[in-house]
Amino acid sequence: MDKEISQKNEIINLYNHVRIKRIGVMLQENKNKFHLTGFVTRVDMSVVNLFFDKEPAILPIQNVILSFEYNKNFYYSAPTTVRLYNFQLRSIEVLIPERIWYHPVRRYNRYSLKEPGKVKVYIKKIETKLQETTQVNISELPENLRVIYLALKEENPDLKKILGMVGEEIKRFSPQFKINIFKNLDQISPLERVVYTYKKPFWISDTENIPNYLHIGEKFGVIGYEKYFEMIKKKMAPDILDKIRQTYMSRGILSYLLIPILIGDKVMGAIEITVPRESGKKELSIYDVFYIRSLADIIAEVLVKSYAAAPEGKSEELELVDISLGGISVVNKNMYLMHTIKENSILKLGIQYENTELEVRTRVIRMNYIPGENAGIHMAMEFVGLEEEGKQLLNKIIRESEKAV
């Protein structure tokens, strides 16, 4: 996906550079397939003034886009509005757009496919070294956490052993706990759904105390049943809260905590801790919440490292967006990739089409995180050292393409 400029002063500064360098600008409106070329003559806080040389037959007013090439990048604006035409002076005033996007000027046309499912694209190997996912000052950690982090930073960490160490740490707070990795969101509990939605710890320190069920204002970055009611779009009532309280009391629960396991801003799972009243353990304090959140971060890093350490034979299939002789654009929904692949990473891809398979090296030139329920990573890659055989297969795929994009 393309990079964005949204700061108004940066947008104005960019158009001023275009004005000074006399770079040609295209004004277009897709609905009527209209386009007009000209030069920027003035820029202020609200408008861009263009001079055009050929008088058009029609002139759109709304949803016009300004585009140009500058410094080996192609820039295009968000739809904006024409404020004034002056045919005698051949001048157009256009409102400053709210956003501008840009990407490197492409040497090759990109193509989407009639049947993208016919082309299989997958990662065969990540050739560049895994980037560190967190920067932690280990010397400032408590002793037990320090031991776990040092084990995690080893060249070939024993991930199973590390998870066991995390489990032993959690047992200090309660013998009843569960680490749940969300594989199917339709099967998670209502409270896990709350943590998945709001990405914060759900905490009840003392189940006897009704105020502990709520964290209005999200003090300390924790949430309670106020977010549950918000999520299900129902009004919070004292009698309902008391019924919830009675449920915890009848189950003999002293304290309860649900901590999200985050990779980026995506919740991959949760640590659930239930402190039984008869366990001899104390109530979970806010300091315990912070400590256990550090354990959740360790589990997240274990997940990332376990993916990176997968056998080379294991392939990661990608969703094809478009393809060209110069590169490929894909989407992957595996959030671990956000930490194992960076811009400029070298990947070995496999491309299958009909009965032919191509193995090709690529360099990641752009990555964008797509948020929401269908979260994923959009990656643009250029081919590195493409052989003639590879070009022939790509030409064959492109001939079957629906249209250039």
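The values are calculated or read from the model by the stated rules, or taken from the named source; none is laboratory data. On a predicted model such as this, the values are computed, not experimentally measured, just so you know. Glycine also receives a Cβ, built like all others from the backbone with ideal geometry; neighbour counts cover every protein chain displayed.
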Filter result (in a loop (DSSP other than H, G, I, E, B), over 36 Å from the mean Cα position of the chain (by Cα), among the hydrophobic types (A, V, I, L, M, F, W, C) and surrounded by 11 or more Cβ atoms within 10 Å (Cβ to Cβ)) within the stretch 19-73: Leu59
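Would you be able to say whether some residue in the stretch 257-267 is among the acidic types (Asp, Glu), exposed (fewer than 14 other Cβ atoms within 10 Å of the Cβ), assigned by TED's automatic domain parsing to the domain that holds Lys153 and in contact (Cβ under 8 Å) with a residue 40 or more places away in the chain?
Within the stretch 257-267, one or more residues are among the acidic types (Asp, Glu), exposed (fewer than 14 other Cβ atoms within 10 Å of the Cβ), assigned by TED's automatic domain parsing to the domain that holds Lys153 and in contact (Cβ under 8 Å) with a residue 40 or more places away in the chain.
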Subset of the stretch 361-377 (residues that are modelled with pLDDT under 80 and more than 9 Å from the chain's Cα centre (by Cα)): Glu373, Asn374
Odd one out for Val105 among (1) under 29 Å from the mean Cα position of the chain (by Cα); (2) surrounded by 14 or more Cβ atoms within 10 Å (Cβ to Cβ): (2)
Condition broken by Gln88, with the remaining ones in (1) over 29 Å from Leu325 (Cα atoms); (2) of a type in the set (S, T, N, Q); (3) outside any loop (DSSP other than H, G, I, E, B); (4) at pLDDT below 90 satisfied: (3)
Residue count, the stretch 121-147 (criterion: at pLDDT 85 or above and either closer than 30 Å to Asn63 by Cβ or within 23 Å of the chain's Cα centre (by Cα) (or both)): 4
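Considering only residues that are among the small types (Gly, Ala, Ser) and part of a strand (DSSP E or B), look in the stretch 378-405 and name the one that is modelled with the highest pLDDT.
Ala380
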Residue within the stretch 206-221 that is assigned to a helix (DSSP H, G or I) and on the phi > 0 side of the Ramachandran plot present: yes
